[in-house]
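Here the structure is laid out as structure tokens; the discussion comes afterwards.
Read-outs throughout are calculated quantities, based only on the coordinates presented, and are distinct from any laboratory measurement. Because the structure is a prediction, the values reported are computed rather than measured. All Cβ positions, glycine included, derive from the backbone under ideal geometry; neighbour counts span all protein chains shown.
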Amino acid sequence: MPRHQLVVIGAGPGGYVAAIKAAQLGLDVACVEKEQALGGTCLRVGCIPSKALLEASEKIHAAQHNQIIGAKIGQVELDLAALMAHKDKVVKANTGGVEYLFKKNKVTRYLGHGTILTPNKVRVEGPEGVQELETERILIATGSKPAPLKGVELDYEIVGTSDQAIAYPHVPEHLVVIGGGVIGLELGSVWNRLGAKVTVLEYLPHILGGMDGEVARAAEKIFRKQGLEIRTGVRVTAAYAKDGKGVVEYEGGEPLVADRVLLATGRIPNTDGLGLENVGLSTDERGRIPVNAHYQTAVPSIFAIGDVIAGPMLAHKAEEEGYAAVEYMVTGYGHVDYNSIPNVVYTHPEIASVGKSEEELKAAGVPYKKGSFPFSANGRARAMNDTDGFAKILAHAETDRILGVHIIGPRAGDLIAEAAVAMAFHASAEDLARASHAHPTLAEVLKEAALATWDKPLHI
Ligand SMILES: Cc1cc2nc3c(=O)[nH]c(=O)nc-3n(C[C@H](O)[C@H](O)[C@H](O)COP(=O)(O)OP(=O)(O)OC[C@H]3O[C@@H](n4cnc5c(N)ncnc54)[C@H](O)[C@@H]3O)c2cc1C
């Protein structure tokens, strides 16, 4: 029977990073993954393919609408097959990259479904049959899957999830998106740019629940201007395929009939067939595996990280946890700073945040001050003809320590990195304001927002 010091189940961003780091720290490590391609949800059907479609569709839309400054463009035709081929190539390059890294770091890969049999034994069932692995420790990194919604019958073609919406064979004339969260808005934007009429149905009174309210309201206004039909406060009661169309029923209105329906109401942890019951482990009320501060479950040799445990379902959160969990196993110390984990929505404009929202600070009774700065007053944003949005900094009213940063605007997803580092180093608004920022860059918006929070902005 093969023996390893660590067996990781799942090769998403949490699992594959943990496996590589464990190998770098000197462990004999194996990774069990049921899909042929490594990289998990993120690389195969999540972050990477959706960003390939977002980047390309933005350019196609700009060309089709003659929005490229200084160029007169004739008729621009969409080549959906070429766009999908580009996306598939990007996915392949990334999943292949993980395969290369496994080989380079001598991580043993097992193809098949992993089931925990005992605290030190994992069964792998794959195309090459069944085998059992003996191991000192097990790390569960089995991620998540789309959450079902009562009344919604998925046929995985007309009524489907993001797995289908990254690969529709034609541009739907009308796409109904159930859920105005990150995934729904990103993929809704893609198909809207490619020519679909897109209707987003959101149960809450506003989209992007959980985000800073001021930013979410600004986003809603901009998305509506872009042509997304956003209906909030709508409770969907049923959705199903009928006669080649998708029907969506909701309270208080006539059913919608569309070409495609995308269910995007969140994701749930994936523990299917994992064998938790074999070792006496159970999940919490939301299906997550409980762990302590060192990612250790109630069984000391079994650890868990990523989407399958509590916390935001984000690739980089899973990666940080994978790294910290194996550091803990080997060195006795590992840590993730949850307060400085950024969150990005890759629409246009992008939306990015780190730390607390105004609503959270108010609810916690924390005294705060805020300063903001619009992209319309930034030289680079004007040069790019991309001036929608603003950056907002929230700092402690007495100490000036930065408590939250929220940006809606061009390349907000890249700009938020500076704010995350500042927060990780417990910076004050004054620290950020006094740091030199290259001119002319979008990052100057953050410097000005910091100036506005600590003292006064200069350029407005
Ligand atoms: C459309 C979409 C877009 C997204 N965009 C972003 C984004 O831009 N940024 C971001 O941070 N996050 C994004 N996410 C979320 C991100 O993909 C997840 O947070 C991340 O993949 C979680 O990583 P993980 O390692 O915990 O699990 P996963 O990536 O889900 O990987 C788990 C792996 O375990 C395997 N597995 C499960 N059970 C078993 C078993 N019993 N045996 C063997 N293998 C098993 C699965 O096949 C899978 O490969 C997106 C998600 C979706 C769906």
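See the values below:
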| read-out | value |
| --- | --- |
| Amide H within-cut-off set for residue 368, under 5 Å, with H built and near neighbours excluded | 397 |
| Helix-only CD estimate at 222 nm, as mean residue ellipticity for the chain, using -39500 (n - 2.57) per DSSP H run (n ≥ 4) | -10000 deg cm²/dmol |
| Cross-link pairs beyond the 19 Å C-alpha cut-off, checked among 370/447; 51/72; 392/456; 34/145 | 51/72 |
| Given charges at Cβ of Lys, Arg, Asp, Glu: the chain dipole, positive-most of 333, 409, 192 | 409 |
| Listed peptides 46-55, 109-118 by packing density, highest first (mean Cβ within 10 Å) | 46-55, 109-118 |
| Reachable aspartates and glutamates from residue 356, criterion Cα separation under 18 angstrom, eight or more residues apart if same chain | 212, 214, 337, 398, 400, 418 |
| Mean separation of Cα contacts under 8 Å (6+ apart) over length of the chain, as relative contact order % | 14 |
| Cα-centre dipole for the chain with unit charges at Cβ (Lys and Arg positive, Asp and Glu negative), debye to 20 | 640 |
| Average Cα contact separation per residue, the range 159-265, under 8 Å, 6 or more apart, as relative contact order % | 36 |
| Rounded, prolate or oblate (a/c below 1.5 giving rounded, otherwise prolate when a/b exceeds b/c) for the range 159-265 by Cα gyration tensor | oblate |
| Amide H within-cut-off set for residue 303, under 5 Å, with H built and near neighbours excluded | 138, 139, 140, 297 |
| Potential lengthening between residue 431 and residue 359 on full extension [0.36 nm per residue; Cα-Cα distance subtracted] | 23.5 nm |
| Neighbour cut-off at most 14 other Cβ (10 Å), DSSP loop, chymotrypsin sites (Phe, Trp or Tyr not before Pro), the range 338-443 | 425 |
| Span per principal axis, largest first, for the Cα atoms of the range 276-390 (Å) | 59, 34, 29 |
| Cα shape, the range 340-454, gyration tensor, a/c 1.5 rule | prolate |
| Test item: Cα-centred dipole of the range 340-454, Lys/Arg +1 and Asp/Glu -1 on Cβ, debye | 100 |
| The chain: antiparallel DSSP beta bridges as a percent of all, rounded to 5 | 60 |
| Cα gyration tensor shape for the chain, rounded if a/c is under 1.5, else prolate or oblate | oblate |
| Length added when fully stretched, residue 59-residue 106, from 0.36 nm per residue minus Cα-Cα | 12.9 nm |
| Segment residue 424-residue 438, extension gain: residue separation times 0.36 nm, minus the distance between their alpha carbons | 2.9 nm |
| Derived scalar couplings ³J(HN,Hα) [the range 121-135; Karplus, 6.51 cos²θ - 1.76 cosθ + 1.60; whole Hz; x for Gly, Pro] | 9, 10, 9, 10, 10, x, x, 9, x, 10, 9, 10, 10, 9, 8 |
| Furthest towards positive pole of dipole, 222, 257, 246, structure part the range 213-281, Cβ charges | 222 |
| Cut-off under 5 Å, modelled amide H: who pairs with residue 404 long-range | 356, 394 |
| Eligible lysines near residue 150 by straight Cα distance, threshold 27 Å, same-chain separation 8 or greater | 197, 242, 245 |
